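Below is one structure; the comments refer to it alone.
The values are calculated or read from the model by the stated rules, or taken from the named source; none is laboratory data. The shown structure was predicted, so the numbers you read here are calculated from the model rather than taken from an experiment. A quick note on method: Cβ atoms are made from the backbone with ideal geometry, for glycine too, and the neighbour counts reach across all protein chains shown.
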Amino acid sequence: MNNSIGSAGRLLWAGLRALLVLTVVLGVLYPLAVTGLAQLAFPHQANGSEIKDASGRVVGSELIGQSYTDLKWFQSRPSNGLGTNSVNTRYKLILSGATNRSGDNPELIKWVTDAKTAVIKDNSTPDFTVRPQDVPADAVTSSGSGLDPHISPEYARLQVHRVAELNHLTVAQVDKLVADHTDGRILGFVGEPRVNVLRLNIALKALMSSRG
């Protein structure tokens, strides 16, 4: 009986020591080491890939899209199950996910059709008419996460005339902003060219500020 109690006690003590050691190593030392290494090697990514404006204020992350409730800004992709792409009224960062609709789903087809109508209406100006065939896919569809921070260069250029008109800029000025903020394929062959909408709008704001 005493041997059984003694054996159980030794097992419990061994288990407790293992728990304490593993807690310190894996719960304290390892996270500190990984965090320290990340801060040394990749501080920007480790801190959330934050983007700052000209004043140094953090205005978002380059990994997560934002809503822009005024058409004077470049607009992101639709999100939250598509919805209308007119001033991104359904862009909710608290939600993430795809539409989970098949390509022939009537509701999805209606969403895409309505979004395309909004894109044509919003981006047509007195001297520039958007044709239906000029609307790229990312202007009327959400990404898999619904929070994609990038748009295609084609969609960015589609918005140039509207942005120029509403901000009293020339088309050439805004077109140059898009060109300057278009990122090429990663390593020259991975992915597609893209434009980070937040960075583009920060540059647009800086351009407007420089004009007084």
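Results, tabulated for the structure shown:
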item	result
Within the range 49-58, considering residues that are in a loop (DSSP other than H, G, I, E, B) and either of a type in the set (F, W, Y) or at pLDDT 85 or above (or both), the one nearest to V197 (Cα to Cα)	S49
Members of the range 115-147 found to be touching a strand residue (DSSP E or B) at 6+ places or on another chain (Cβ under 9 Å), touching a residue at least 60 places away in the same chain (Cβ under 8 Å) and not in a helix (DSSP H, G or I), listed by number	S143
Flag for G103 being at positive phi, modelled with pLDDT under 95 and not acidic (D, E)	no
Failed criterion for I186 (all others in (1) in contact with a Ser or Thr (Cβ under 9 Å, 6 or more places away or on another chain); (2) at pLDDT below 95 hold)	(1)
Candidates L26, L71, filtered to the one that is at pLDDT 90 or above, surrounded by 11 or more Cβ atoms within 10 Å (Cβ to Cβ) and under 37 Å from the mean Cα position of the chain (by Cα)	L71
Per-region count, the range 127-161, residues of a type in the set (G, A, S) and either out of contact with any helix residue (DSSP H, G or I) (no Cβ under 7 Å at 6 or more places or on another chain) or loosely packed, with under 14 Cβ neighbours inside 10 Å (or both)	6
Only one of A54, A46 that is under 32 Å from the mean Cα position of the chain (by Cα) and closer than 24 Å to Q159 by Cβ	A54
Criterion: closer than 18 Å to H161 by Cβ and either modelled with pLDDT of 85 or more or not assigned by TED's automatic domain parsing to the domain that holds L169 (or both) - qualifying residue of V119, V112	V119
Any hit, the range 162-172, residues being within 20 Å of K205 (Cβ to Cβ), surrounded by 15 or more Cβ atoms within 10 Å (Cβ to Cβ) and under 21 Å from the mean Cα position of the chain (by Cα)	yes
Residue check, L177 closer than 26 Å to V58 by Cβ, modelled with pLDDT under 95 and not in a loop (DSSP other than H, G, I, E, B)	no
Test: residue in the range 6-21 that is modelled with pLDDT of 90 or more and charged (D, E, K, R)	yes
Residue check, Q45 at pLDDT 85 or above, farther than 22 Å from L147 by Cα, of a type in the set (S, T, N, Q) and touching a helix residue (DSSP H, G or I) at 6+ places or on another chain (Cβ under 8 Å)	no
